[in-house]
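The values are calculated or read from the model by the stated rules, or taken from the named source; none is laboratory data. Values in this document were obtained by computation on a predicted structure and should not be read as measured data. Methodologically, a virtual Cβ is constructed for each residue, glycine included, from the backbone with ideal geometry; neighbour enumeration extends over all protein chains shown.
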Amino acid sequence: MKKKWLYLLGLPALTLMLTACEFKQTGQSITAVGSSALQPLVEAAGDEFTKENSGEFINVQGGGSGTGLSQIQSGSVEIGNSDLYASQKSGIDASKLVDHKVAVVGVTPVINPKLKLTNLSIAELAKIFSGDITNWQQLGGPDQTIVVINRAQGSGTRDTFERWVMKGQTSMQAQEQDSTGMVRQIVASTPGAISYMAFPYVDKTIKTIKVDGVSPTSANVTTNKWQIWSYEHMYTNGQPTGLTKRFMAYVLSDKIQQKVVAEMGYIPVNDMKVSRTLKGKVAKINS
Amino acid sequence: MKNDEIRASLLKRSRATKNERFGKILTGLCIAIILTVVLAIFYFVASKGLATFFKDKVNLWKFLTGTVWNPGTTDAQGNPQVGALPMIVGSFGVTFLAAIVATPFAIGAAVFMTEISPKVGKKVLQPVIELLVGIPSVVYGFIGLSVVVPFVRRTFGGSGFGILSGTFVLFVMILPTVTSMTIDALNAVPRNYREASLALGATRWQTIYKVVLRASTSGIITAVVFGMSRAFGEALAVQMVIGNAMLLPSNLISPASTLTSVLTMGMGNSVMGTLSNNALWSLALLLLIMPLVFNLIIRRIAKKGAMHR
Amino acid sequence: MTPRKWDKVATTMLYLISGFIIVVLAFLLLYILISGLPHVTWKFITGRSSSFAAGGGIGIQLFNSLYLLILSMLISIPLSLGAGIYLSEYAPKNWLTDLIRNMIEILSSLPSVVVGLFGFLVFSINMKLGFSILSGALALTVFNLPLLTRKVEDSLQAVHYTQREAGYALGLSRWETVTHVVVPAALPGILTGMILGAGRVFGEAAALIYTAGQSSPPLDFSNWNPTYIASPLNPLRSAETLAVHIWKINSEGIIPDASAVSAGSSAILILFVLLFNFAARYFGNKLYRHLTGARERG
Amino acid sequence: MEKYDRSQRYLKELDDGQHEIALSTDDLHVSYGTKEAIHGVSLAFERFKITALIGASGSGKSTYLRSLNRMNDNIFGTKVTGKIMYRGLDVNSNDIDVYEMRKHIGMVFQQPNPFAKSIYDNITFAPKRHGERRKAALDEMVETTLKQAGLWEQVKDDLHQSALALSGGQQQRLCIARAIAMQPDILLLDEPASVLDPISTATVEDTLLQLKEHYTIIIVTHNMQQAGRISDYTAFFHLGDALEYDETRKIFTRPKIKATEDYVSGHFG
C-alpha cells in the first residue's frame, strides 16, 4: 500500500500501448452484426460452426438492421445481418453488397389471449393499424378499446407487416416497442392489445389469429398462401472469401437449415416453393 | 566547507523539485485525458446532431415544436417529419413529476437523518439509500414492468404504460441522489442556528421548518435540480414502462415517449449518415444540452445562496 | 393546533417517510430475490447461456461482468486518482478550473446511452477495437470517470490542510506529500467511492450494448493465454455482461424460459451489488480505524 | 484599540559582529491578493537562541513566521517581496530550491499535525524520502529525536502504533521530533502550545530550552509568560509591523515603545 498504488498510474499507458501495438491474437474470427431478430439464429449457427472448427469464431452482435447494413457498408465487419433488403434503407449503396438469403420468416398478428377473435381480414387489420377501427365491438368482439402496439420505425418486422398488410397506408401513431420481447409481454398482459411478431417469438402467452382464413404456419408461408413474410438477409461486402465464405456455406447447408433454422421457427430457404421479389412478384421454384 | 555544501545544494534543483514536476505533469495528463474525452463527446454529438439542421436543412423551430416524428418520411411540403415535441414534453413530464414526488420524501428522510434521529439515520437509512443507488437500471425497469405497470393499469385504467409509470420508477431512482445531497445541505446549516431557535422556545419542528429548511433552501433546490438532470438522462428503465408512443401525451396514463427512449430504440434501426440517424443524434444533443442547462440553474441557485449567507 | 402538537405530527410524518423508503427498498430487494433465487442453481450460475433452447445458464456472462469490471477499474482508477489529485492539489482557483470541474460534472449526468454510442463510434469503429471487452471497458471508464474523479477530489479535500503543511515543512514536494500523506489519509473515502463505482459498472447495460457487444462466443477455460481468441482473458473478444444479458433476453430473447433466466440473473446481479456495498462499508471502516489508530492493540 | 505611531520603532540590530546571525529578513513584505499583511519587516535572529514573536491577533506575526521558510508559497495569491538571508543567500528568490531550503528551516504548527501513520513512520518518513535507507540509522534517529522531544519514555514500546492515538501534547512533541529529525538549522514554531494543557505546555517549553543548544528557534506565541520564560529575544508585532525588537528581559521590563509597554502590561491584546 505504501507506494505500490503509484504503479497503477502506469497501467492505462500500458493498456493503451498493448492495443496500439496491434495486439496479435491467435485463432480466427469474423463478426456478424445487425438484425436482432436474426441474432439468435446466427449465434446458434456460429456455435455449431465453432464446435466443428476449433479456433474459428463467429462473433455475432445485434444492434439492429440499420447498424448491420451501415457496418457492412463501411467494411468494419464481415457480415451484416438485416431483415430488410439493403436497397430499402436510405443511405445504403446496395450495389456493392452481396445478398445471402438465409431464411424466411413469417410475421403474424397477435392479440391478447382473452380476446375470443380467431380471424381478421387484411382490410380489417389495416383499418385497425391505421386507426380507423378503434374498438373490438366494430369487429364483433367485446366492447373494448383496441390497444395497438407497433414496432419501432425501421424495424424489419414492422416493414414486412406494413408492406403486406397496410400496403402503403401509414400507421397511426401508437405505442412503439423496439423489441419483440417487450411486444409479447405487453400484448400478453394488456387487455384488448394487438400487435404482430415473427413466428419464432410466438408462445402460449399470446394468441395468433388467422388472416383471411389462412393460419400462420410455416407450410402456408412456403406456398405464399400466408403473405406476410420476408427473407432474412446476411450481406457481405463483395463476394465472401475465406472463413466468411465457409461460414456462409455452413449456414446454408442442410444441417443448419433443417436443424437450427427450422427448430427456431424460421423457414429454411430451401423449403420455399415460391420466390418473391421486393416488389411482390411471386414466382414458382422448381426443385 | 559545510556551509558551502549547503549553499550549493540550495542553488541546485533538488530531487523534490523534479519529483514535483513529474507529479504535476502526470496528474495534469490525467485531467487532460478526461477533458479530451469530454470535448470529444461534445464534438461528436454536436457534429452529428447539428447535421440535421445544417446538412439536412431541418428548421430548428420545427424540430422543437413539431409533433410528428417520422424521420423516414416527408410531409405534404416535402419537409422531413422530425418533430421532437412529444418526446420533449414526455421527458420534461416524467422529470418534473418525479422530482415533485421525490422532493418531499427526500427532504423528509434528510430531516429525519440530520435532525430527528441521526443514529438510526446513519445505521439504517444511509445504507438503504446507498443501496438504492446501486440497483442497476435494468433491474428497475424489470420491476417497473412487472409491478408498476400492472399496478397503474389496475388503479388508474388504460394500458398501464405512460408517464405515470415512468414517474414512479424515476421517483425511486432519483430519491437517493436527492436525499443524500439534501443531507449535505442540511448539515451545512450551522449548529448554533438550531440552538438559538431552540433556546428561544421554538419546538423542534418549528426550528426545522422555520430555521433549518429556510437556511438550506438553495442547497435543497440544487439537490432537486441535480436529481432532475439524472432523471432526464435515464434510458432503459423508463423505456420499459413509458410505452414509447410518439404522441403528445394527453394524460398521465396514455403511452408517451422520452428523448432517451426514442434514441435507444431508433439508433440500431437507422443507417449512419442518413437523416433518420442524424435526427436521433439531434435528440442526443438535446440530452447533452439539458444537463448543461440544469447545471447553469444549479450554479445560479448556489450563487444566490452564497449571497444570502 | 398548538405548536407542540404540530411538532408531534411532523415528527410522526418524518418517521413515516423514512419508514416508507426502507419499505420500498425492502420490497425491491425481496421481490428480486424471491422471484429470482428459486431459479438460481449451481448449474445456472456456471452454465453456458443458450440462444434459443431452455435451460441456459449465465456462467460466461458472470465471468465477463467481473473481467470487464476489473479491466475498466484498472483504467479508470489511476485516471480518476490523477485527475482528482490535480483538481484538489494543483489546479489554481480560477474560472478555468471551475469550467473543467463543470464539464466533468456534465459528463457525469450524461445519459449512458449517449456514452455507449460514443464508445461505439470511437472505440469500436474508429479505434478498430470492434465489439470487445476493451471497448466496453473504455466506455465504462468514460461513464465512471466523472463520479470517481469527484469522489477522489472530495476525499482529498476532506483531509485537513495541516497534513499537507506538515509534509511541506519537511522539505517534501507537494507530489510526495499528496501521494504519501494525503492519499493514504483519504484512502477510506476513495475506496468507498471506488467500490460503489464498481457496483455501478457492474449493473450498467446501456453503455455496453454497442461496445462490449451482446453475444458471448464460447470460451475455452483451459487456455488463459490472453492472445488466444477464445481465452477468457482475451480483451478483444466480445463479451455480453450479466446486465446486458438481462436486457437482451427481455427484449429479443426467444428462449422459452426468458422470465426465469432474467429473474435469476437479476437476483445474482443484486447479490453482487449488495456484496460491493457491504465490502465498501467494511473495508472503508476498517481502513479508517487502521489509519487513525482507533483500534485495540493486537 | 489605541492608535500608535507606526513609524516610531526600536529594532535592535544584531549584525555588529558580536552575534552570529542564523537568519535575517530585510524589508519583508507579504500580501494576500491586493491586501498587504506585512509592511516591510527587517529582523535578524541570533544563532542558538530562542526568539519570540509576540503581538495581538492579526498583528502579522504568524504570517511573518510562515514566510521565513516560504510556507506562504502554497497559498494561492500570496506575494512575498524583500530579502530572507540564510547562509549568505537570499532564500526568497526563484534560484533557491524551496524544498531543499525547508530541510534546513523546519517548522512546527499550531495544531499538532502528525501523519496518519505510525509514530516510527512519522519521524522516518521524510528522511527516507530524502534518501536515508539504513535501518540502523533510522532507528537511532527515532530514538534520539524522541528523547530530545521528551517523548521517548512514553512511547518507546508503541513505536509502531498510529500517531493519531497519542494525546494532544504527545502529538505536538512528536511533531517537534519529526521536525528535528531533518536536522534543520532553524526551527520555526507557530504557537506550538496554544492548544495544549498547562502540563503539556510546560513539557514542550522544557523541550525547547534543551533544543536551544543545537538549534536556532523562532517561536510565535500568544502567551507573554511563555515568551518571558523561554526566549532570549522578543519581537513585538503590531498591525503588520515589527515595532520593537530587543532582548526579552528588556522588552518585559523597560520597553522603549509605548505600544509594547501597553501590550506586555496587558492594556490590549
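A compact table of results
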read-out	value
Count - residues of segment B:169-201 that are farther than 17 Å from B:Ile220 by Cα and buried (at least 18 other Cβ atoms within 10 Å of the Cβ)	6
All positions within segment D:94-107 that are surrounded by fewer than 16 Cβ atoms within 10 Å (Cβ to Cβ) and facing chain B (nearest Cβ under 10 Å)	D:Asp95
Which numbered condition A:Glu56 misses (of (1) modelled with pLDDT of 85 or more; (2) surrounded by fewer than 21 Cβ atoms within 10 Å (Cβ to Cβ))	(1)
Condition check for D:Leu146: under 13 Å from D:Phe109 (Cβ atoms) and free of Cβ contacts under 8 Å to residues at least 60 places away in the same chain	no
Segment C:201-210, subset at the interface with chain B (Cβ under 7 Å from one of its Cβ atoms) and part of a helix (DSSP H, G or I), residue surrounded by the most Cβ atoms within 10 Å (Cβ to Cβ)	C:Ala206
Filtered residues of segment D:115-147 (kept if part of a loop (DSSP other than H, G, I, E, B) and crowded, with 24+ Cβ neighbours inside 10 Å)	D:Phe115
Filter result for B:Ser282 (in a helix (DSSP H, G or I), among the small types (Gly, Ala, Ser) and touching a Phe, Trp or Tyr at 6+ places or on another chain (Cβ under 8 Å))	yes
Hits in segment C:103-125 (condition: more than 10 Å from chain B (Cβ to nearest Cβ) and either free of Cβ contacts under 8 Å to residues at least 24 places away in the same chain or among the small types (Gly, Ala, Ser) (or both))	C:Ser124
Exclusive hit being under 18 Å from the mean Cα position of the chain (by Cα), under 30 Å from C:Gly56 (Cα atoms) and either modelled with pLDDT of 85 or more or not small (Gly, Ala, Ser) (or both), set C:Glu240, C:Glu153	C:Glu240
Residues of segment C:65-93 that turn out to be in contact with a helix residue (DSSP H, G or I) (Cβ under 8 Å, 6 or more places away or on another chain) and not in a helix (DSSP H, G or I), as a count	1
Qualifying residues in segment A:263-287 (those that are within 14 Å of chain C (Cβ to nearest Cβ) and touching a residue at least 12 places away in the same chain (Cβ under 8 Å)) - the one farthest from A:Thr223 (Cα to Cα)	A:Met264
Those strands (runs of 3 or more DSSP E) lying entirely in segment A:146-219 with at least 1 residues more than 8 Å from chain B (Cβ to nearest Cβ), over 20 Å from B:Pro71 (Cβ atoms) and among the polar types (S, T, N, Q)	A:193-198
Residue in segment D:68-107 that is nearest to D:Ala181 (Cα to Cα), counting only those that are in contact (Cβ under 8 Å) with a residue 40 or more places away in the chain and among the hydroxyl-bearing types (Ser, Thr, Tyr)	D:Tyr86
Qualifying residue in segment C:222-235 (condition: within 13 Å of chain B (Cβ to nearest Cβ), within 28 Å of A:Gly68 (Cα to Cα) and touching a Ser or Thr at 6+ places or on another chain (Cβ under 9 Å))	no
So B:Phe112, is it under 30 Å from B:Ile242 (Cα atoms) and in contact with a Phe, Trp or Tyr (Cβ under 8 Å, 6 or more places away or on another chain)	no
Some residue of segment B:77-93 being among the aromatic types (Phe, Trp, Tyr) and over 30 Å from B:Ala215 (Cα atoms)	no
Residue within segment C:157-170 that is out of contact with any Ser or Thr (no Cβ under 8 Å at 6 or more places or on another chain), outside any loop (DSSP other than H, G, I, E, B), within 11 Å of chain B (Cβ to nearest Cβ) and modelled with pLDDT of 80 or more present	no
In segment D:225-269, residue surrounded by the most Cβ atoms within 10 Å (Cβ to Cβ) [restricted to those that are assigned to a strand (DSSP E or B) and charged (D, E, K, R)]	D:Glu244
D:Gln183 being at positive phi and either part of a loop (DSSP other than H, G, I, E, B) or surrounded by 16 or more Cβ atoms within 10 Å (Cβ to Cβ) (or both)	yes
Number of the condition not met by C:Phe131 [criteria: (1) closer than 19 Å to C:Gly193 by Cα; (2) not in a helix (DSSP H, G or I)]	(1)
Filter result (crowded, with 16+ Cβ neighbours inside 10 Å and free of Cβ contacts under 8 Å to residues at least 40 places away in the same chain) within segment B:34-52	B:Ile34, B:Leu35, B:Val37, B:Val38, B:Phe44
Flag if C:Leu62 is crowded, with 24+ Cβ neighbours inside 10 Å, away from every other protein chain (no Cβ under 11 Å) and part of a helix (DSSP H, G or I)	no
Considering residues of segment B:240-268 that are at the interface with another protein chain (Cβ under 8 Å from one of its Cβ atoms), within 22 Å of the chain's Cα centre (by Cα) and of a type outside the set (A, V, I, L, M) only, the residue nearest to B:Gly93 (Cα to Cα)	B:Ser257
Output for segment C:77-96, where each listed residue is at the interface with chain B (Cβ under 10 Å from one of its Cβ atoms) and not aliphatic (A, V, I, L, M)	C:Pro78, C:Ser80, C:Gly82, C:Gly84, C:Tyr86, C:Ser88, C:Glu89, C:Tyr90
Residues located in segment A:106-116, provided they are farther than 20 Å from A:Gln185 by Cβ and either surrounded by 13 or more Cβ atoms within 10 Å (Cβ to Cβ) or touching a Cys at 6+ places or on another chain (Cβ under 8 Å) (or both)	A:Gly106
Test: residue in segment C:254-266 that is touching a His at 6+ places or on another chain (Cβ under 9 Å), closer than 23 Å to A:Thr50 by Cα and modelled with pLDDT under 85	no
Within segment D:71-93, tally of residues that are among the basic types (Lys, Arg) and more than 12 Å from chain B (Cβ to nearest Cβ)	2
Residue in segment B:296-305 that is within 11 Å of chain A (Cβ to nearest Cβ) and not in a loop (DSSP other than H, G, I, E, B) present	no
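Rundown of residues vs (1) in contact with a Lys or Arg (Cβ under 9 Å, 6 or more places away or on another chain); (2) buried (at least 21 other Cβ atoms within 10 Å of the Cβ), yes/no style:
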position	(1), (2)
B:Ala84	no, yes
B:Pro104	no, no
B:Leu145	no, yes
B:Phe161	yes, yes
B:Thr167	no, yes
